[in-house]
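The values are calculated or read from the model by the stated rules, or taken from the named source; none is laboratory data. Please read all numbers here as calculations on a predicted model, not as lab measurements. Cβ coordinates were reconstructed from backbone atoms using ideal geometry, including for glycine residues, and neighbour counts include every protein chain displayed. Heads up: the accessible areas ignore ligands, DNA and RNA and are worked out on the full protein's heavy atoms, side chains in. Shrake-Rupley method; radii C 1.70, N 1.55, O 1.52, S 1.80 Å.
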Amino acid sequence: MERLDDIFFYTLEKSIKSYRQFAQRAMLKQGFKLTIDQWLVLKAIMDNPDWNQQAIADASFKDFASVTRIIELLVKKGFLTRAIHPTDRRRFLLTPMPKAEQDLKAMRPITEQNRKTALKGISEEQLALLHQYLTRIIENCQNS
């Protein structure tokens, strides 16, 4: 019987979870109060202001209900405002507050250092190959 540590997808999931925990600790250590999931949703909104909540959920790999809760928290924390969309009453108009842009800008050096630390010992060529392989796995799963 195979062991968990011998299963590629287990190792892949473990590496992602390890990175998320590492990155979260680094952000908290620097005094930032956003979780990785909140950062991801906020970044998706800031990069794509016309997206609806379903598109944000898809991009952040979260279900619709989770994104709704995260948006509510971001509103409470003062990162977003939420209003009824002017042309579609079923949607919300999400507007980043200046605090959102300031914090994401301030977090950038930390996220870059986190990535650098996590990828230490992996060459650019190896990283490019890994990206290519992972993209292939995504395509294989989406096309099946």
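Residues that are surrounded by 10 or more Cβ atoms within 10 Å (Cβ to Cβ) and over 18 Å from the mean Cα position of the chain (by Cα) within segment 134-144 comprise Arg136, Ile137, Glu139, listed in sequence order. Test Val67 against the criterion of being surrounded by 14 or more Cβ atoms within 10 Å (Cβ to Cβ) and in contact with a strand residue (DSSP E or B) (Cβ under 8 Å, 6 or more places away or on another chain), and give yes or no. No. Within the option set Leu130, Leu74, Leu104, being within 17 Å of Ile16 (Cα to Cα) and either in a helix (DSSP H, G or I) or among the small types (Gly, Ala, Ser) (or both) holds for one residue only, Leu130.
Could you list, in sequence order, all residues of segment 13-37 that are in contact (Cβ under 8 Å) with a residue 12 or more places away in the chain and assigned to a helix (DSSP H, G or I)? Listed by number, the residues that qualify are Tyr19, Arg20, Phe22, Ala23, Gln24, Ala26, Met27, Ile36, Asp37. Within segment 89-128, being over 21 Å from Val67 (Cβ atoms), among the acidic types (Asp, Glu) and open to solvent by 100 Å² or more (accessible area, probe 1.4 Å) holds for Glu124, Glu125.
Take the conditions closer than 26 Å to Ser18 by Cβ, of a type in the set (Ser, Thr, Tyr) and either at pLDDT 95 or above or surrounded by fewer than 12 Cβ atoms within 10 Å (Cβ to Cβ) (or both) and apply them to Thr35. Does it pass? Answer is no for this residue. Which is modelled with pLDDT under 95, open to solvent by 90 Å² or more (accessible area, probe 1.4 Å) and in a loop (DSSP other than H, G, I, E, B), of Asp50, Asp58? From the options Asp50, Asp58, the qualifying one is Asp50.
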